[in-house]
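Following: one structure in structure tokens, then a few remarks.
We did not get these values from a lab; they are worked out from the coordinates using the rules stated. Because the structure is predicted, anything quoted here is derived from the model rather than measured. Positions of Cβ are generated from backbone atoms using ideal geometry, with glycine treated the same way; all protein chains shown enter the neighbour counts.
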Amino acid sequence: MTMYKCRTLLNWQIVVVAALCTLLLTAPVPTPVQAAELAGVTMADSIKIGGKECSLVGMGIRKKAIIKVYVAGLYMENPSKDAGTIIGTDQARGIVMHFVYRKVKAESLRKGWREGFDNNTPDRSGDLAERMKQFEGMFTEPGLRGERVLITYSPGEGTTVVIKNDNKGTIPGADFAEALFAIWFGEKPADKGLKKKILAK
């Protein structure tokens, strides 16, 4: 091979390598889906609620005595660690409940919601009380380990309950959403430890 041909081949190889490097540097790089983990339960860093991107504020474990019942994750359109803001601002927000106990009876779930409403919203109108009963009535099956409940609120639409990917319906009213989120973040939360963990800065 002549010196001229060697130089030509070398120049061609340099051009190819440079082109490949440029392609690799400019090609879109897949962004990994980030997630948070607690007690073996993984939750996404963000979810869509009513078309709004809502970020994970924090995670906590709901306990009954020493029993771990579920891992909860709070999502908000405008993340906040302030309980009053979480309860009262009219923005997209939601709770993911991932059951870690082997079986939570439907009756126990309904009783827990009822006690939560009574403790944090004792003075309520008849209309709000009816919507609370409607919400409780959506929990007709036990919560089994590994199953998830998604409870989301979207301004102007209401609070939607999805149990095991089954949409149970939407309850209207910002007042209902406030009463519901007060169960976790009100003055008398169902689990002080869960509230403290989620709101930890």
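Cβ-Cβ distances below 9 Å connect the following pairs, each with a first residue in the stretch 97-108 that is farther than 20 Å from Tyr75 by Cα, a second residue that is of a type in the set (Ser, Thr, Tyr), and a separation of six or more residues or different chains: Tyr101/Tyr70; Val104/Tyr70; Ala106/Thr140.
Of everything in the stretch 120-141 that is surrounded by fewer than 19 Cβ atoms within 10 Å (Cβ to Cβ) and touching a helix residue (DSSP H, G or I) at 6+ places or on another chain (Cβ under 8 Å), the residue that is farthest from Glu157 (Cα to Cα) is Glu141. Of all residues in the stretch 124-137, none satisfies being under 18 Å from Ser55 (Cβ atoms), free of Cβ contacts under 8 Å to residues at least 24 places away in the same chain and part of a loop (DSSP other than H, G, I, E, B). Number of residues in the stretch 82-104 that are among the β-branched types (Val, Ile, Thr) and in a strand (DSSP E or B) equals 3.
Within the stretch 150-177, residues that are in contact (Cβ under 8 Å) with a residue 12 or more places away in the chain and basic (Lys, Arg) sit with their Cβ atoms under 6 Å from residues that are in a loop (DSSP other than H, G, I, E, B) and surrounded by 16 or more Cβ atoms within 10 Å (Cβ to Cβ), at 6+ positions apart or across chains, in these pairs: Lys164/Glu147; Lys168/Met138.
Beta carbons closer than 6 Å, at least 6 apart along the sequence or on distinct chains, pair a first residue in the stretch 39-52 that is touching a residue at least 24 places away in the same chain (Cβ under 8 Å) and farther than 11 Å from Gly73 by Cβ with a second that is of a type in the set (A, V, I, L, M, F, W, C) and surrounded by 12 or more Cβ atoms within 10 Å (Cβ to Cβ) for Ala39/Ile61; Ala39/Val71; Ile49/Ala92; Gly50/Ala92; Lys52/Ala92. Scanning the stretch 51-81 for residues that are outside any strand (DSSP E or B) and more than 18 Å from Gly186 (Cα to Cα) turns up Gly51, Ala65, Ile66, Glu77, Asn78.
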